[in-house]
Amino acid sequence: MQIYVCVKHVPDTAATIRVIGGTGFDESVKFVMNPYDEYAVEQALRVRQQQGTGEVVVVSVGKPAAMSAIRSALAVGADRGILVKTDRQFLDSAVTSQALAKVIRQDGAPDLIFTGKQSVDTEGMQTHFRLAAALDLPVATDVAAFTMTDGKVVVEREIGGGTRESIEMTLPCVVGATRGLNEPRYPKLSDIMKARKKQVREMDLEELGVQPAPSGAPELVALEAAPERGEARMLLGTPREMAEQLLEHLRNEAKVL
Amino acid sequence: MAKVGVCIEMDRGEVKRANLGVLAAARGDGDNEVYALVSGRCEDRAKALLSEHGARKIVEISTEKGDLAASPDLEARVLGEAVKRYGFDLVLGLSSARGKDLLARIAALMNIPLTLDCIGLDIRERMVVKSHFSGKALARIKLPAGGCAACGIRPNAIEPAPAPVETEVETFRSSADDPGRMAVKEIRQGAGGEIDLTEADIVVAGGRGVGGAEGFRMLEACAEALRGAVGASRAAVDAGWAPHSMQVGQTGKTVSPRLYIACGISGSVQHFAGMKTAKAIVAINTDKDAPIFGKCDYGLQADLFEVVPALTEKLKSRLPG
Ligand SMILES: Cc1cc2nc3c(=O)[nH]c(=O)nc-3n(C[C@H](O)[C@H](O)[C@H](O)COP(=O)(O)OP(=O)(O)OC[C@H]3O[C@@H](n4cnc5c(N)ncnc54)[C@H](O)[C@@H]3O)c2cc1C
Ligand SMILES: Nc1ncnc2c1ncn2[C@@H]1O[C@H](COP(=O)(O)O)[C@@H](O)[C@H]1O
């Protein structure tokens, strides 16, 4: 089994995001592997284990610092990595997905490609679909359960209201992972040390000769801190009186009832 | 004037209410030409509703190559063909679980730009507003001028606005083939109630303060009286009082209802990541220093076990039926 996992290096969701210069942000905050990609890495390791053979290759497109996301995947057991370097955190997903498709195709013949369902910085929710289209493979996202038998994959995805859809796909295919798929393992200290010796190939995005999208790319014009609400208007009285007042305000003031 | 195709998400033959906001977005300042794209047959009631909300054309998408509901691959190819044939400037849809999937497939196949989970859209300027960094920032994104682009609109983020028009119905027959690589095998209904949390107009959510699964029954009664859905904080989900499909927040659902009533929820940043774009937020909490009171519209410092039943009772006595 030749398995690829796409991981993105993103700001920790606990970090405070300070917008700088209209379209940038203070990048001195802590960065981590995109949380949904952790489920992708874990699932790849489980499949390799279940098959008893195979290779798990982690691929990332990002700034040179994205090496740390690759290293953390190697530390939990991935075999080797590929880092496609660029100087921008915000890349058009058409470009990212083409870069991923090209390096994967150059590197080997994928049986399975795992990604996350979305990156938590740009919340694009589409790189895996574009990657699948570029490689002409089937794809499913929001995957919360995965089984593989006889060259077929069955995934389950939640489609709202707790309703689950199960989809069968032929191999090779692309799978976008979400929370619930598995419990990602933690690295052991000794494995973190060993991971430093694992091979990571580096290249520049320019070397890949990725073509920009024919219709042009969406352009980030402004990044703004999301507006926060002010203090609540506190309602007074007994619980019954509060309930009464609340309905009154919701009907006549907020006009939401 | 722009020519806009809207992928309509149906539920058992009915147009889901959340589509109506997307139709309002598609009309923009009024002179856009709005096409409603419906997979399969569109029943009379559905037609009437689409017509009332400004769809000048309803296009029934059909194919003899397979079951659209069972093959996401085929559905995307068929819709992609329709989008090309009609020459839309923009394709819109709901950014629901199904809508996101479909739009991403279409955009990837056609290699056109896509922005999902948009909370604002200006078609004339080709500008969208969407969340970045788990809701901590808003990004204003300009779509390229020439060619087609696709946008998914967060359910309820844009208000429906009826604008009745004369509507023509036509059929689009696609010849696209199903690559035959994937098939939907089974759909299992969840325990999440009848109203989908992410599309609900009103959400009553419970946190650690709810104290147990029985407490959630009480919230359900209130939600029912409001014709809303029930949500939960991660603390309540982790405690096993509610399923993960009900979790609101950074690692759960993102909701944008008209009204969000948070019961026994302290107001963590991660919880707010999933509900801060609600139109009105109400907090019921016994602790006057709970952080949630610092960032919501109405605060009730009270025991939820007293306030929620009182609210349900008053709602029932006033609402007809
Ligand atoms: C990476 C990460 C992701 C996360 N993702 C999410 C997420 O998606 N969603 C989410 O919700 N959280 C998430 N969290 C957890 C989040 O940080 C909080 O721990 C969680 O939201 C707290 O839930 P709570 O408000 O219900 O509980 P608490 O913070 O314990 O608050 C309970 C509140 O109930 C009040 N209360 C108690 N009894 C009563 C009563 N009888 N009547 C009225 N009020 C009462 C208390 O005063 C208190 O304010 C995440 C955390 C991390 C680190
Ligand atoms: N720059 C990147 N490098 C590697 N993988 C990526 C990159 N961007 C996105 N992905 C993968 O695609 C998934 C969806 O990303 P997005 O479309 O940005 O929400 C992520 O969870 C990753 O697995």
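General observations
- The mean number of Cβ atoms from other chains found within 10 Å of a Cβ in peptide A:207-217 is 3, as a whole number.
- Simple spin-label estimate for B:S175 and A:E224 in nanometres, 7 Å along Cα-Cβ: 4.9 nm
- Charge context of A:Q98, other residues only, Cβ under 12 angstrom, K/R +1, D/E -1: +2
- Springs join every pair of Cα atoms under 10 Å in this Gaussian network model of chain B, and among B:E306, B:E159, B:E170 the largest mean-square fluctuation is at B:E306.
- Within the shell defined by Cβ-Cβ distances under 14 Å, the residues around A:T13 carry a net charge of 0, with Lys and Arg each +1 and Asp and Glu each -1.
- Accessible surface of B:T171, taken over heavy atoms with a 1.4 Å probe and every protein chain present, rounds to 60 Å².
- Residue with peak Gaussian network fluctuation, chain B [Cα springs, cutoff 10 Å], from B:D44, B:D117, B:D101: B:D44
- A simple spin-label model places the labels of A:K194 and B:R188 3.6 nm from each other, with each point 7 Å out along Cα-to-Cβ.
- Basic side chains Lys and Arg get +1 at the Cβ, acidic Asp and Glu get -1 at the Cβ, and with that the dipole of region A:23-62 about its Cα centre reaches some 200 debye.
- Dimensionless Rg ratio for region B:163-206, taking C-alpha atoms and the 2.2 N^0.38 Å reference: 2.06
- Descending principal axes extents, region B:207-302, alpha-carbon based, whole Å: 28, 26, 26
- Among B:K142, B:K3, the sequence by solvent-accessible area, most first, with a 1.4 Å probe is B:K142, B:K3.
- The alpha carbons of chain B give a radius of gyration and a Dmax of 20.8, 63 Å, in that order.
- Exposure rank, largest accessible area first [A:E38, B:E199; 1.4 Å]: A:E38, B:E199
- Near B:G120, the amide H atoms lying under 5 Å from its own belong to B:V129; only residues 5 or more places off or on other chains count, and H is placed 1.01 Å from N.
- Cα gyration tensor category, rounded, prolate or oblate, for the protein assembly as shown with a/c compared to 1.5: oblate
- Comparing mean-square fluctuations of A:V210, A:V19, A:V153 from a GNM of chain A with C-alpha springs under 10 Å, the top value falls on A:V19.
- Share, in percent, of DSSP beta bridges within the protein assembly as shown that are antiparallel, nearest 5: 35 percent
- With a cut-off of 15 Å between beta carbons, the residues surrounding B:A236 carry a summed charge of +1, where Lys and Arg count +1 and Asp and Glu -1.
- Percentage of interatomic Cα-Cα distances in region A:2-208 larger than 25 Å: 33 percent
The values are calculated or read from the model by the stated rules, or taken from the named source; none is laboratory data. Treat the numbers as computed from the prediction; the structure is a model and nothing was measured. Quick reminder, even Gly has a Cβ in these numbers, built from the backbone with ideal geometry, and neighbours come from all protein chains shown. Just so you know, the surface numbers come from the protein's heavy atoms only, side chains and all, with ligands and any DNA or RNA stripped out. Shrake-Rupley method; radii C 1.70, N 1.55, O 1.52, S 1.80 Å.
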